[in-house]
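Q: Pasting a structure below so you can have a look.
The values are calculated or read from the model by the stated rules, or taken from the named source; none is laboratory data. Everything numeric here is computed off the predicted structure, so don't read it as measured data. Because the Cβ atoms are built from the backbone with ideal geometry, glycine has one as well, and the counts that use them run over all protein chains shown. Remember, those area values only see protein heavy atoms, side chains included, never the ligands or the DNA or RNA. Shrake-Rupley method; radii C 1.70, N 1.55, O 1.52, S 1.80 Å.
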Amino acid sequence: MPTKPEKDAITGTEIRSHEWDGIQEMDNPLPRWWLYVFYASILISIIYMVLYPAIPGITGYTKGILGYTERHALEADLVAHRESQAGFFDRIAAATPAEIREDADLLNFALAGGKSAFADNCAPCHAAGGAGRAGFPNLADDDWLWGGSLDAIQTTLLHGIRWDQDDDTRVSEMPRFLADEILTTEQIADVTQYVLAFVNRADDPAAAARGAPIYAEQCGVCHGAKGEGNQELGSPRLSNDIWQYGGTADLVAAQIGNPQHGVMPSWSGRLDESTIKMLTVYVHSLGGGQ
Amino acid sequence: MSEVQYEDAASVREQQKDLPLYAARVKIFPKEVAGVVRRYKWAVLIVLLGVYYIAPWLRWDRGPGAPDQAFLIDMPARRAYFLWIEIWPQEVYYLAGLLLIGAFGLFLATALFGRVWCGFTCPQTVWTDLFMWVERLVEGDRAARIRLDKSGWTVAKVAKRSLKHGVWILLSLLTGGAWIMYFNDAPTLVNDILLWQVTPSVLFFIGLFTATTYLLAGFAREQVCTYMCPWPRFQAAMFDEDSLIVTYEAWRGEPRGPHKKGTDWDGRGDCVACNQCVAVCPTGIDIRDGNQLECIGCGLCIDACNDVMARVGRPANLIAYDSINRQNARAQGQTAKYRLIRPRTIIYTVLLVIVGVVIMASLWTRPVVDVNVLRDRNPLFVRLTDGSIRNGFTIKILNKQRSEQGYVLDVDGLPGESMSVVGQDTASPTVYLTAAPDAVTTYRIYVRVPRDSLKSGTVPFDFVLSQHPIVEGGVTSRHESVFRGPEK
């Protein structure tokens, strides 16, 4: 029902004709500064759309006259960041891992760089912090297959383990004692008991005794007479309670019968020399470095 | 259910057609005024601006390698310096404390003296006052300014306006420039600015504060107080009948009207309707309408009215800076005391004192060394070849002193333990650490415990860090941690 605009008695302002529960609204205009800010925002949004990528289309989008993209901005940031670190990278490239460890500044830089490179490249197998998982060695303990000195770690990183594409890769292979019918199932059970006896975990002393001569003949050459292992050959030490593929009798027997062999890629060519040095220092610092 | 009325759309549009979209600003041309309040305002303005411009130039010797500016917020180095206090980023709670003191101080001042903050000390008021003073110098007083505003664009008007805006921009530049001094070494920065060797960020912030000063003090003025500022909206909550406010004593002033010299004052009020109180008001209101939101309590109308009252020979303070209670009592011919101590002021004072004491105490007892022990979670523990268990820890020593500090790190509560530090080659039960001056030094620590001496999978123990060599005032601090191993 159209009515004549009603005026507020005190201010003389018009009252909007709608009403909710007796509450009416005065038709006060917006403050001018507020309107100016509003217009300025519209202007800025137009300028923005001209300068920056803004409107999506079917096959592309308006690029804006500044040619800005977040990807380029990121690349520029990364270049600037690398330049700011260039001094450190140069010094690391010129130093051996042992020298890096001697220099507190370089050590800090290498540990930080190594940590981030480790998380990107190594942690998927060796787990965060080098904690390892079944089949993938723990890098934080002091039990090393191929040696835990800085040089040995660097060599492993550079050339990998059983990595066909690298001629200098570390290679060793344990015979498949059951699959190739070198030993019988019973003989393997006896050797298993003998091996577990190194760490006082054998539950069948008689079997362990029967296993002793088999061990001496078949295993001792690589794993050592007392199971001390041989890092030259990458043969694990058996006289401690750290087991790559599990330490129960079943799992040890399975490993003797048809052994699994871990493979690690060579990282030379994938990572630059400096990153490999930082990784060397970082892995060495995880607690087991020798 | 109430009846709902539906509007005819066409009619609403018809109604809106002749309405303006925005409120036109009522131009205000405050008149110059002299008097007690004005003198106070000048004094406060000079002191506050003086503090603002001089503070960054004060020096404070903190020893070699440290900035010697008394008040400095060093963003790149993440330090704030206030005289002898140095604040690290993790201590921003002192800022929260400062804000609390500011808030309670404001509450107390408002409960006691009304809008003194708004009328005298608020930067918006101070700079607007300064800009109005420039305006008066260039364009003349109220009448001249109104005339100039109404006149066409003559040469004289262009010249005056250009001069005024020029001086305003210069003042704004000085304001914006001074603000930057609190974030940079002032003498170095001024030198750099003169040689035009400033970074874009410095230029940006000078430009930003110049623009805001120019806009807020030159143009927005009372609209900031009326529309933008939240403080006038809720400060009424701090008022009561004993707060001092600026009001017109209507009982004495009404009925108002022009008064001819020599005629009788009987049967009429003291207000001669000269409108001087309106003419001097920086927010353009009529105080005789009563206390209102727009009134910033600057009291210039008091000066204006007292001047007129003296001239017509009536008692002063027709517009008075007094409490409602006292004014009501006077209206009835009685006197009332101004009550300084009231529940409200007691509560604000107590809160103010509590926050102040807590901050001072925490500043006083603030440790100069802070140690954080973070234990490795990945892996939780490592089993070693000899069967012993190893845990890794990261120890961060935050040294707030300007000299290198030496420490001995011990472990208490782990039998048979041995420690080693990454980067140091000796493994021993005692480890020596140094903390670089004014920095956080991080160490990786490995703690090794024989399997047999671990009674359970989780053994609580303490790291004990003591000053080495022993010096006077050297501290020994204990830091709880746990040693994790395989569950039995």
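Q: Here is a check on your reading of the model: is residue B:14 surrounded by 11 or more Cβ atoms within 10 Å (Cβ to Cβ), modelled with pLDDT under 90 and outside any loop (DSSP other than H, G, I, E, B)?
A: Values: surrounded by 11 or more Cβ atoms within 10 Å (Cβ to Cβ): yes; modelled with pLDDT under 90: yes; outside any loop (DSSP other than H, G, I, E, B): yes.
Considered against the rule, which asks whether it is surrounded by 11 or more Cβ atoms within 10 Å (Cβ to Cβ), modelled with pLDDT under 90 and outside any loop (DSSP other than H, G, I, E, B), residue B:14 comes out as yes.
Q: Kindly indicate whether any position in the stretch A:174-196 is polar (S, T, N, Q), assigned to a loop (DSSP other than H, G, I, E, B) and in contact with a strand residue (DSSP E or B) (Cβ under 9 Å, 6 or more places away or on another chain).
A: The answer is no, given that none of the residues of the stretch A:174-196 is polar (S, T, N, Q), assigned to a loop (DSSP other than H, G, I, E, B) and in contact with a strand residue (DSSP E or B) (Cβ under 9 Å, 6 or more places away or on another chain).
Q: Where the second residue is at pLDDT 90 or above and assigned to a loop (DSSP other than H, G, I, E, B) and the first is within 14 Å of another protein chain (Cβ to nearest Cβ) and surrounded by fewer than 17 Cβ atoms within 10 Å (Cβ to Cβ) and lies in the stretch B:357-384, which pairs have Cβ atoms under 7 Å and are six or more apart or on separate chains?
A: Nothing qualifies.
To keep it simple, each residue is scored yes or no on (1) away from every other protein chain (no Cβ under 14 Å); (2) among the β-branched types (Val, Ile, Thr); (3) over 29 Å from residue B:26 (Cα atoms); (4) in a strand (DSSP E or B).
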{"position": "A:11", "(1), (2), (3), (4)": "no, yes, no, no"}
{"position": "A:18", "(1), (2), (3), (4)": "no, no, yes, yes"}
{"position": "A:25", "(1), (2), (3), (4)": "no, no, no, yes"}
{"position": "A:35", "(1), (2), (3), (4)": "no, no, no, no"}
{"position": "A:39", "(1), (2), (3), (4)": "no, no, no, no"}
{"position": "A:44", "(1), (2), (3), (4)": "yes, yes, no, no"}
{"position": "A:49", "(1), (2), (3), (4)": "yes, no, yes, no"}
{"position": "A:68", "(1), (2), (3), (4)": "yes, no, yes, no"}
{"position": "A:74", "(1), (2), (3), (4)": "yes, no, yes, no"}
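Q: Related question: Restricting attention to the stretch B:387-424, report how many residues are within 14 Å of another protein chain (Cβ to nearest Cβ), touching a residue at least 40 places away in the same chain (Cβ under 8 Å) and small (Gly, Ala, Ser).
A: Of the residues in the stretch B:387-424, 3 are within 14 Å of another protein chain (Cβ to nearest Cβ), touching a residue at least 40 places away in the same chain (Cβ under 8 Å) and small (Gly, Ala, Ser).
Q: Here is a further query. Tell me which of these residue A:223 doesn't satisfy, since it passes every other one: (1) touching a helix residue (DSSP H, G or I) at 6+ places or on another chain (Cβ under 9 Å); (2) loosely packed, with under 15 Cβ neighbours inside 10 Å; (3) without any contact (Cβ under 8 Å) to a residue 24 or more places away in the chain.
A: The one condition residue A:223 does not meet is (2).
Q: Take residue B:443 and tell me if it is under 30 Å from residue B:81 (Cβ atoms), modelled with pLDDT under 90 and among the hydroxyl-bearing types (Ser, Thr, Tyr). Spell out how you get there, then give the answer.
A: Values: under 30 Å from residue B:81 (Cβ atoms): yes; modelled with pLDDT under 90: yes; among the hydroxyl-bearing types (Ser, Thr, Tyr): yes.
Answer is yes for this residue.
Q: Determine which single condition residue A:231 fails, assuming it passes every other condition in (1) open to solvent by less than 40 Å² (accessible area, probe 1.4 Å); (2) in contact (Cβ under 8 Å) with a residue 24 or more places away in the chain.
A: Unmet for residue A:231, out of (1) open to solvent by less than 40 Å² (accessible area, probe 1.4 Å); (2) in contact (Cβ under 8 Å) with a residue 24 or more places away in the chain: (1).
Q: May I pose another question? Applying the selection to the stretch B:218-254, what residues are among the aliphatic types (A, V, I, L, M) and within 14 Å of chain A (Cβ to nearest Cβ)?
A: Residues satisfying the conditions are B:220, B:224, B:228.
Q: So, of the residues in the stretch B:167-183 that are open to solvent by 40 Å² or more (accessible area, probe 1.4 Å) and either at pLDDT below 90 or assigned to a helix (DSSP H, G or I) (or both), which turns out to be nearest to residue B:144 (Cα to Cα)?
A: B:167
Q: Here is a follow-up. Kindly indicate whether residue B:217 is of a type in the set (A, V, I, L, M), in contact (Cβ under 8 Å) with a residue 12 or more places away in the chain and in contact with a Ser or Thr (Cβ under 7 Å, 6 or more places away or on another chain).
A: yes
Q: Of the conditions (1) open to solvent by 10 Å² or more (accessible area, probe 1.4 Å); (2) of a type in the set (Phe, Trp, Tyr); (3) under 45 Å from the mean Cα position of the chain (by Cα), residue B:407 fails just one. Which one is it?
A: (1)
Q: Hey, among the residues in the stretch A:250-260 that are touching a residue at least 24 places away in the same chain (Cβ under 8 Å) and open to solvent by 60 Å² or more (accessible area, probe 1.4 Å), which one's nearest to residue A:134 (Cα to Cα)?
A: The residue in question is A:260.
Q: Sticking with this structure for a sec: If you check A:110, A:117, which single one turns out to be in contact with a Ser or Thr (Cβ under 8 Å, 6 or more places away or on another chain), within 30 Å of residue B:434 (Cα to Cα), touching a residue at least 60 places away in the same chain (Cβ under 8 Å) and hydrophobic (A, V, I, L, M, F, W, C)? Walk me through it before giving the result.
A: On the way: A:110 fails: in contact with a Ser or Thr (Cβ under 8 Å, 6 or more places away or on another chain).
Sole residue among the options that is in contact with a Ser or Thr (Cβ under 8 Å, 6 or more places away or on another chain), within 30 Å of residue B:434 (Cα to Cα), touching a residue at least 60 places away in the same chain (Cβ under 8 Å) and hydrophobic (A, V, I, L, M, F, W, C): A:117.
Yes/no matrix, rows are residues, columns are (1) in contact with a Leu (Cβ under 6 Å, 6 or more places away or on another chain); (2) outside the structural domain of residue A:133 (by TED's automatic domain parsing); (3) among the basic types (Lys, Arg); (4) at positive phi:
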site	(1), (2), (3), (4)
A:209	no, yes, no, no
A:212	no, yes, no, no
A:237	no, yes, yes, no
A:241	no, yes, no, no
A:278	no, no, no, no
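Q: If you don't mind, there's one more thing I want to ask. Can you say whether residue B:7 is modelled with pLDDT under 60, not assigned by TED's automatic domain parsing to the domain that holds residue B:310 and not in a loop (DSSP other than H, G, I, E, B), as far as the supplied structure shows?
A: Numbers: modelled with pLDDT under 60: yes; not assigned by TED's automatic domain parsing to the domain that holds residue B:310: yes; not in a loop (DSSP other than H, G, I, E, B): no.
Judged against the criteria, residue B:7 is not a match.
Q: Does at least one position in the stretch B:337-356 carry a residue that is in contact (Cβ under 8 Å) with a residue 24 or more places away in the chain and within 14 Å of another protein chain (Cβ to nearest Cβ)?
A: Step one: filter the stretch B:337-356 for residues in contact (Cβ under 8 Å) with a residue 24 or more places away in the chain, giving B:338-340, B:342, B:344-345, B:348-349, B:351-352, B:355-356.
Now narrow it down to the ones that are within 14 Å of another protein chain (Cβ to nearest Cβ): none.
Taking every residue of the stretch B:337-356 in turn, none turns out to be in contact (Cβ under 8 Å) with a residue 24 or more places away in the chain and within 14 Å of another protein chain (Cβ to nearest Cβ).
Q: If I filter the stretch B:92-103 for residues that are of a type in the set (Ser, Thr, Tyr), modelled with pLDDT under 90 and touching a strand residue (DSSP E or B) at 6+ places or on another chain (Cβ under 8 Å), do I get at least one hit?
A: yes
Q: Which of the residues belonging to the stretch B:227-237 are part of a helix (DSSP H, G or I) and either more than 15 Å from residue B:106 (Cβ to Cβ) or modelled with pLDDT of 85 or more (or both)? Walk me through it before giving the result.
A: So the first thing to find is which residues in the stretch B:227-237 are part of a helix (DSSP H, G or I), and the list is B:227-228, B:231-237.
Hits for the stretch B:227-237 are B:227, B:228, B:231, B:232, B:233, B:237.
Q: If you scan the stretch A:81-105, which residues turn out to be within 14 Å of another protein chain (Cβ to nearest Cβ) and crowded, with 17+ Cβ neighbours inside 10 Å?
A: Scanning the stretch A:81-105 gives A:97, A:100, A:101.
Q: Right, residue B:20: at pLDDT below 90, assigned to a loop (DSSP other than H, G, I, E, B) and within 14 Å of chain A (Cβ to nearest Cβ) or not?
A: yes
Q: In addition: What are the residues in the stretch A:148-173 that are surrounded by fewer than 18 Cβ atoms within 10 Å (Cβ to Cβ) and within 14 Å of chain B (Cβ to nearest Cβ), if any?
A: A:149 - this is the single residue of the stretch A:148-173 that is surrounded by fewer than 18 Cβ atoms within 10 Å (Cβ to Cβ) and within 14 Å of chain B (Cβ to nearest Cβ).
Q: In addition: Which ones in the stretch B:291-347 are within 19 Å of residue B:236 (Cβ to Cβ), among the aliphatic types (A, V, I, L, M) and loosely packed, with under 14 Cβ neighbours inside 10 Å?
A: B:293
Q: Still on this model: Taking residue A:108 and the conditions (1) away from chain B (no Cβ under 14 Å); (2) part of a helix (DSSP H, G or I); (3) of a type in the set (S, T, N, Q), which numbered condition does it fall short on, given that it satisfies the others?
A: (1)
Q: Quick check on residue A:53: is it within 14 Å of another protein chain (Cβ to nearest Cβ), surrounded by 11 or more Cβ atoms within 10 Å (Cβ to Cβ) and without any contact (Cβ under 8 Å) to a residue 24 or more places away in the chain?
A: The answer is no for residue A:53.
Q: Also: What number goes with the only condition from (1) farther than 23 Å from residue B:77 by Cα; (2) part of a helix (DSSP H, G or I) that residue B:196 does not pass?
A: (2)
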